[in-house]
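Here's the structure, in structure tokens; my notes come after.
Every number in this text was worked out from the coordinates using simple rules, so none of it is lab data. Just so you know, these numbers come straight off a predicted model, no measurement behind them. Cβ placement follows ideal geometry from the backbone for every residue including glycine, while neighbour counts extend to all protein chains displayed.
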Amino acid sequence: MKLSRLALLLFLLTPLAFAIDFTALVPITAVCVIIFIALANALAHAIANPGLEAWAKTELRELVFGIILVIIIVTFFIGSNAVAEALTGTPDYIDVAVKSLDAMILRCDEAFKIMIRMAGKIRTAATFSPYTGIPIYFLSITYSTNPLGGMGILLGPLTSATQPVSNALFLMEGLRMLLRFFSVVIPKVLLPLSLAIRLIPFTRRLGNTLIAVSLGAMVIFPFSAILADQLNQGVMPAQPDVDLSKLDANPWAMVVLEPTCESEPIRFISGLTDPAFAAIVCLPAIGPYYEACHLYVWFVVYPAILFYFQLGNTAAITGWESAYATGIIGKSYATGAYDMVRMFLTYVNNFVLVIYLDTVLITLITIAGIRSISAALGGEWYMPGIQRFI
């Protein structure tokens, strides 16, 4: 039976792990094999066939060895908790391995959140572009500015860094899922099935391979994750302290103009035309006073309000731009934002590299362990696709 077909069969059988326990299959298979060998031995004596008799004796010895192997493996699985407690301080080594991966997943989550918030704050600063009308006697011109527009260049590295962080997150989540999946599937499906196949004379070699796969996925895989976590404690960079409030541009022009921009009455009044404004202001006036009030507000008060309002906006915006143009505040913000982004991206690059190395290390240790156990038990030593990888 080809390993590819076997893999497909196991893939179809694994959902049964949540409903069926194959543990009883092992003693049933052992009894059936004993009966089969006994019948073969009886037939050999009946027909006086020394070859068949020798085969029956050989298979009986192999069966005894297989039963001893089953006992050793079951004992190993039961005793593995004691080994895990001695190495990790807790008997549940699967939980320790999952927590090790959870720590890496948390790092990815935090880094992703910080980069998104960094990008949002820098984009806000880079796209802040106020405009106002500058009064010139009876005329006015519209003036706008965008001194921090060049800060948008920092969005490129931040956007590029999110991809490797996402890849690292997917890798750690995948390893975590496999750990939980193997902890459910292997004890109830794959390991009993492997032991049963090992006891059958005609599928002994395949059973040894499946036993190696079971031990590798159930024991070597989680312990390799724990080992990688222990190695990480010596090489994993510490997450730098990032004060995201320093990425707030907080232009004083915005602070000064904020009340006038947020006040609904001011926005309503500034949106009126001069006749409408004069009509509303002069509503209390009665009789002949209304016309005089209306003309005065229309041609004197409203133009004066509009003039000084635009003049104040112009002073705030041009003063803010001048401060950036002369380097009073522009360079400090740009330098601080660049230093913060560079520092954090350096940390992201280092810890993502460590996660990639962890994934390769866990994979190599697990596959090498499976191959070694398979060879020691007499199973298949060549696994298509994996042999080339190793």
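Counting only other residues whose beta carbon sits under 13 Å from that of Leu191, what net charge do I get with K and R as +1, D and E as -1? Don't jump to the answer; show the numbers that get you there.
On the way: positive: Lys188, Arg198; negative: Asp21.
Here the charged neighbours net out to +1.
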So, R0 is 51 Å and r is the distance between the beta-carbons of Leu353 and Val300; what FRET efficiency does that work out to, to 0.05?
0.10
Neighbouring Cβ atoms within 10 Å as the yardstick, rank Arg107, Arg180 fewest first.
Arg180, Arg107
Within the under-14-Å Cβ sphere about Phe299, not counting Phe299, Lys/Arg +1 and Asp/Glu -1 give a net charge of -2
In nm, to one decimal, how far is the Phe170 label point from the Ser332 one, both placed 7 Å along Cα→Cβ?
4.4
Counted charge near Ala40, where neighbours are those whose Cβ lies closer than 11 Å (Asp, Glu -1; Lys, Arg +1)
-1
Name the long-range amide H neighbours of Tyr143: under 5 Å, sequence gap of 5 or more, or other chain; modelled H, no Pro or chain starts.
Thr132, Gly133, Ile134
Would you mind calculating the gained length between Leu364 and Ser245 on full extension (0.36 nm times residue separation, minus the Cα-Cα distance), in nm to one decimal?
38.5 nm
For a footprinting-style exposure proxy, rank Lys246, Lys113, Lys121 by other Cβ within 10 Å, fewest first.
Lys113, Lys246, Lys121
Per the C-alpha gyration tensor (a ≥ b ≥ c, the square roots of its eigenvalues), the range 123-233 is rounded if a/c is under 1.5, else prolate if a/b beats b/c, else oblate; here it's prolate
